[in-house]
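Asker: Quick one: the structure is below, and I'll ask about it shortly.
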Amino acid sequence: MSRTDTPLPGRPAAEPSHGPAELRFQRVAAIFERARMAAASEREDLLLRECALDAELLIEVRSLLAHHDVGVDALDGCVIRPGVGARIGRYRIEGTLGEGGMGTVYRATQLEPVRREVALKVIKLGMDTRQVVRRFEAERQALARLEHTNVAKVLDGGATPDGRPYFVMELVRGSPITQHCDERRIEWRDRVALMVEVCSAVHHAHQRGILHRDLKPSNILVTEADGKAIPKIIDFGVAKALEPGVGMTAASLSTALGHVVGTPDYMSPEQAAGEDVDTRTDVFALGIVLYELLAGVTPVRARSMSGRRTPSPMELRRRLLEDDPPRVSSAIDEERAGARRTTAAALGRALRGEIDWIVLKAIARDPARRYASVAALADDLERLLANEPVAARPPSTGYILAKFARRHTVALVAGLAVVFSLMIGTTVSLFGLRSAQAERDVARDAEREQTRLAAALRGQLFASDVERGRKAARQGNWTEAWQLLYGAIEADPESPHARWALRESAWEQGWIMTHRFDSKVRFARFLPDGQHLFAAETERPPVLLDMLTGEARPLGTGGGADVLEVAVSRDGRYGFTSDTSGLITQWDLVGNEPPKPLVSCHPNRGSCSVLCDPSADVAYAGGRNGVIWRIEYLADPPIVQAIAHSGGVKRLAIAADGMLAVGDDQGGLLLLSLDRQREVRLQPHERSIQSLAFGRAGRLVATGTTGPTIVINDTETGEVVQTVRSKVGTARNLRFGPDDRTLLVLGWWGLHEINLVDGAVTTLIPFGSWRFDVAPDEQTIAMTSADYRMLSIWNIGPDRGGVRGVVPAKSVTSVSAMPNEPFLAAMNRGIAALDERGRPIWHMPVRSARLVVPGPRSPIVAVIGNDRWLRVFDTVNRKSLATSAMPNVRQDSSCVDLVEDRFVAHGTTENAVELIDLKNGSRCEVIPSGPSELLALAISDDGAWLGASFRGDDNRLIRLADGAETTFHGNTTGFAVDFNADSRFMLVGTWRGDLLVHDVQTGELRALVGHSSMVKVVAAHPTDPDLALSMSEDGSVRIWHLGLMREVAMLRPFPRLEWDANSIRSAGWVNAGEGIGIIGIEGELATYSIPMADRVIGQWQATPSINVDVNDP
Amino acid sequence: MPSDDATALSATLHSELRDLAAALLRRERRDHTLQPTALVHEAFLRLGERLGPTWREEHGEAAFRALAATAMRRILVDHARAHTADKRGGGWMRIELPEAMVEAPEPVELLALHEALEALAQLDPRKARVVELRFFGGLNGDEVAETLGVARSTSEADWFMARAWLRKRLVESSS
């Protein structure tokens, strides 16, 4: 049999000739099989016994066993469906749940944006994938609204790389409802009760306009929680997407008819006939399931039980269309009655009568004769359980007439319901609407009103989804947050509300950036400057990546190597790579020296590690051949010498005192002291070492292996100090915390911090990764993604958030966020622009600068000196534009504003507002003398308006063309004023925390609520008229969208205890409005980059279809 | 076990599959879009069409895939050969299966696997067939046992031995 089935040419067609090779192979196979089945402890004895005196045989079987022990690899996969570990979109296959007519259902892990277990259904070949995906997309919104405990949510859908549609669903661990009931021998009443729950879920979906179309026991799973059976309906929306449509090939159509849409047993006659379906189609299917639950067999099969022959699908379809089904009560036999804890006779009696009627009514061939809704079916079932009279009636002579009446009653009731809903929406009077024309008008108006209401409702739902997402993110409930926020941005990619909420959460999580590579990148290391990273791709030359700009500079040209590890010299001058070919290469990161191949660690593929000593100009390397090399890389040519030998080198680590640790592929650990006088060999693990780290104090060394165990040894005594069960899977990378009391562990699910004292595990970054490196600031982490295509950089510091810096010198008197640079500082001897980290970009000498006030858009700044002189500078050309002595100037930045390079408005010590034309030095008093203390002022960018706030709720708006003045009140004093970019709104931040938005044209005033205490800064976006930010004493900066008139994001970069919430000094838009700069009370700087956040969001939105390598080579 | 007419069909299909592979390859060269993954699925579809709509229903999915396994192997091997010949002017080169097709710490080198399977078939044809059914046909242990008419434990033992043997050979031939 097997040979006629192996038709490759050249294959022997006869029995295997028992030549010496074949016989030998059979012998090897037999011993291999016995050894494989034997316990590990007995294996060696068995081998020695069986292979007595035949060393070659022994070697061969041993080698085969070693290959067997590798576990699962590519050969365990298969070419026609994804194997375990394969990636489909953002999902990784973990195993098979089942195979059905439609295709295969897998258990899978969603990898991003949240990690969770899901069920993934890959549809068989033969469907028009684009059609299926389009139909699914069309239904997606509706499906997202399905929230019912008895409905498994459909989460996602798409196409596999080879073009088959797939659907992703909530994973339900349960068995089909029929199987569940039979296995537990559940009695019929409880079965009916279970069906009532199922009906309620289906009805819920119907109310949202979703039909199931393929209800059957295998789509109604029952799980048990706390001893209670919970039915869960799966596959909602799937059948619709899979309906045959135009564009299908003949072959796929026949597949569809045969398998895909509906199993004949549960298929309604109208479905089988290809006619329109409605809610009553689902009623029919539920009726059949109920029938099967009660009788143990579907109606179309009930007949053939005596014949013992399984009817063909064609035969089933014929019966479905033509025969009247037998009553439930007559379809029972003893065996099935037993499964319901009763006898056939007793069950028959119990089911005869009303329940027969209910089922027959549900599965009537004519949809008009069925229950009009699933709710009606559920009602009748509940009445049955409560022993009340049911609505279903046996067929009688008056049947047709009665049914006719019933049908019209239904129509009447439905009509009333519509009118009712209109009344609620529009208060239309029902009186006097007699004429058909009037009715049509009402209907049309009502329709319009309904459309408007629906749009408004959708808008509200959308906004509430986004706000719920923001709230969930703030509470750290990432699963919910991502679902809501990414759902929102997918529904409306243009929505600023959703966009800002995502930016907020990206910032909140500490994402700094993500860089996507063209080919694999396994590892990246920070340079000592903490800003650049050295990373190596497999198909391109290594790169130097600038974390702030996201730019990657390739080091040379040509192809790459399959790099495993990288290292950076302590001065950041050289980078080193180790690749799978065993080669260690030195790269010049600063100059243009060509790459230098240093040493080959092994002739073939395998692991290979390289590392730099942080306290000497020396690198170490080792690979599969076990030789440890010491590299003096500053020498020219570099000096490379072998210093020790171990098992195949898997990982290297170096302690602060220069002690070198070598983890090998047998689980062994070699510790070498700096002077190489002392060598300690330990065996912490049985399997290959995957990760290795020294404690900061040098006395501890931690090793992780395949599996969850991390062993910590004492480097002096070699004793095991602690064994940690990590609970986070294989530790891919390890690092001790600063005091050796915590361990950073990188597992498949993310980066975790394990407290070595109490064992507590904190997840710092919720995404799986391959390796990580920590920047010198101990806060910034770079991780390569688990699929090697991405490098993401995170801030894991206690405050997370944006890029951090510190105002450099004590001589700084004030700092502002500046539109064209990140920050601007006023210092004793001048002003300086500062970058995100607080490093000076340029410096200009200015005498006794006290305050700098940046203009809204231009690079012009006003500087107020201790000497009460006002100086205006052009910061691009570094020149002074005007100087003016102003003995009465108020030294308060909120009371100075600039328009272009020409006008300055400032408040005086007498609370007057003065406007100066710097071109000719002319001055005028716009407000001669204020009513009370002047607190803030601003000029609109178009120069048309001046706004000022005085103590005591007195806000003035002055039209500069004619001096016309408007006063408005917000029931609280304004402390900060600005105009938005198109000069339409005057914005006032108030003592109570509200943001007043005053429309200068219409005089309309709105108060936006958000802050809980005094607003100190209001800054309109330099170009986008819809955006403004405010900073308050409550310690937060909020972003406002003036089109939506709502808060869209909140930043709290320097959280303090509540009683000391005043943690921010100032805030503003930086880098031409592409970022937000926040200055802390202690001089801390935080910069939030919008493009950076958008890049991150976009990258996570795109679903890469790439595979994950399971093992490190 | 597949019925006799399936066996006969398999024999007649063999030459047709060659043609099919060639046709698919021509198409691939024309539009340069047909990846091995898509190739396999296209072949799968065409095989289904060739057998007719009822064949699968009558004989079952496993029987269909058992039949398809050989076709898959044939087509992928031809594809790999044509591809290498194309690229390197007839020179011999290993072609890796794309990662999405199989779970892969390292992708399977298809021609190397094919060669190794040929060698295994010389020593023990059934073990080679077990690998073919699983890897190229996607059959699981039970289906393999049923297809070959052996006990589940036998098909399991065959699989483990064959896998270890192939791994060993593939590693040795690559170094």
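The values are calculated or read from the model by the stated rules, or taken from the named source; none is laboratory data. Quick caveat, the model's predicted, so the values are computed rather than measured. Ideal geometry is used to build each Cβ from the backbone, glycine not excepted, and the neighbour counts take in all protein chains shown.
Asker: Among the hydroxyl-bearing types (Ser, Thr, Tyr) and within 16 Å of A:Asn955 (Cβ to Cβ): is that true of A:Thr990 in this structure?
Answerer: Criteria met by A:Thr990.
Asker: Look at A:Asn877 and say whether it is farther than 22 Å from A:Val1018 by Cβ and at pLDDT 80 or above.
Answerer: Yes; evaluated as a whole, the condition is true for this residue.
Asker: For A:Leu65, are the conditions met, namely being outside any strand (DSSP E or B), modelled with pLDDT under 70 and more than 29 Å from the chain's Cα centre (by Cα)?
Answerer: no
Asker: Condition first: in a loop (DSSP other than H, G, I, E, B) and touching a Phe, Trp or Tyr at 6+ places or on another chain (Cβ under 9 Å). Now tell me which residues in the stretch A:716-755 satisfy that.
Answerer: A:Val728, A:Gly729, A:Thr730, A:Arg732, A:Trp749
Asker: Here is a list of conditions, (1) within 14 Å of another protein chain (Cβ to nearest Cβ); (2) touching a strand residue (DSSP E or B) at 6+ places or on another chain (Cβ under 6 Å); (3) polar (S, T, N, Q), and A:Asn625 meets all of them except one; can you say which number that is?
Answerer: Unmet condition: (2).
Per-residue answers, yes or no, for (1) buried (at least 22 other Cβ atoms within 10 Å of the Cβ); (2) over 30 Å from A:Arg92 (Cβ atoms); (3) more than 7 Å from every other protein chain (Cβ to nearest Cβ); (4) at pLDDT 70 or above:
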residue: B:Ile75; (1), (2), (3), (4): yes, no, yes, yes
residue: B:Asp78; (1), (2), (3), (4): no, yes, yes, yes
residue: B:Ala82; (1), (2), (3), (4): no, yes, yes, no
residue: B:Glu106; (1), (2), (3), (4): no, no, no, no
residue: B:Leu111; (1), (2), (3), (4): no, no, yes, yes
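Asker: Those residues that are more than 48 Å from the chain's Cα centre (by Cα), under 22 Å from A:Leu995 (Cα atoms) and of a type in the set (Ser, Thr, Tyr), I need them from the stretch A:917-970; list them, please.
Answerer: A:Ser932, A:Thr966, A:Thr967
Asker: Could you look through the stretch A:1083-1113, keep only residues that are of a type in the set (Asp, Glu) and modelled with pLDDT of 75 or more, and pick out the one that is nearest to the chain's Cα centre (by Cα)?
Answerer: A:Asp1094
Asker: So which residues in the stretch A:850-896 are among the hydrophobic types (A, V, I, L, M, F, W, C), more than 24 Å from A:Asp942 (Cα to Cα) and within 47 Å of the chain's Cα centre (by Cα), if there are any at all?
Answerer: A:Leu851
Asker: Please state which one of A:Asp978, A:Asp953, A:Asp962 is in contact (Cβ under 8 Å) with a residue 40 or more places away in the chain and among the charged types (D, E, K, R).
Answerer: A:Asp978
Conditions tested, residue by residue: (1) facing another protein chain (nearest Cβ under 8 Å); (2) surrounded by 16 or more Cβ atoms within 10 Å (Cβ to Cβ); (3) of a type in the set (Asp, Glu).
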site: A:Ala38; (1), (2), (3): no, no, no
site: A:Glu44; (1), (2), (3): no, no, yes
site: A:Asp54; (1), (2), (3): no, no, yes
site: A:Leu57; (1), (2), (3): no, yes, no
site: A:Glu60; (1), (2), (3): no, yes, yes
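Asker: I would also like to ask the following. Among the listed residues A:Val926, A:Val853, A:Val863, identify the single one that is part of a strand (DSSP E or B), buried (at least 23 other Cβ atoms within 10 Å of the Cβ) and without any contact (Cβ under 8 Å) to a residue 40 or more places away in the chain.
Answerer: Exactly one residue qualifies, and that residue is A:Val863.
Asker: Scan the stretch A:500-529 for residues that are at pLDDT 85 or above and either touching a strand residue (DSSP E or B) at 6+ places or on another chain (Cβ under 8 Å) or assigned to a loop (DSSP other than H, G, I, E, B) (or both) and report the count.
Answerer: Final tally of qualifying residues: 11.
Asker: Here's another thing I want to ask about it. Kindly establish whether A:Ser949 is buried (at least 22 other Cβ atoms within 10 Å of the Cβ), assigned by TED's automatic domain parsing to the domain that holds A:Arg992, part of a strand (DSSP E or B) and among the polar types (S, T, N, Q).
Answerer: Criteria met by A:Ser949.
Asker: Return yes when A:Ser848 is surrounded by fewer than 20 Cβ atoms within 10 Å (Cβ to Cβ) and farther than 28 Å from A:Gly1075 by Cα and no when it is not.
Answerer: Spelling it out, A:Ser848 is indeed surrounded by fewer than 20 Cβ atoms within 10 Å (Cβ to Cβ) and farther than 28 Å from A:Gly1075 by Cα.
Asker: For the stretch A:789-808, name all the residues that are at pLDDT below 65 and in a loop (DSSP other than H, G, I, E, B).
Answerer: Correct list: A:Pro798, A:Asp799, A:Arg800, A:Gly801, A:Gly802.
Asker: Just to be sure I understand, how many residues within the stretch A:1005-1045 are of a type outside the set (S, T, N, Q), closer than 20 Å to A:Pro496 by Cβ, touching a residue at least 40 places away in the same chain (Cβ under 8 Å) and in a loop (DSSP other than H, G, I, E, B)?
Answerer: Total meeting the criteria: 10.
Asker: Only one of A:Arg699, A:Arg735 is modelled with pLDDT of 90 or more and among the charged types (D, E, K, R); which?
Answerer: Testing whether each residue is modelled with pLDDT of 90 or more and among the charged types (D, E, K, R) leaves just A:Arg735.
Asker: May I pose another question? For B:Glu143, which of the numbered conditions (1) at pLDDT below 90; (2) at the interface with another protein chain (Cβ under 10 Å from one of its Cβ atoms) fails to hold?
Answerer: Result: B:Glu143 fails condition (2) only.
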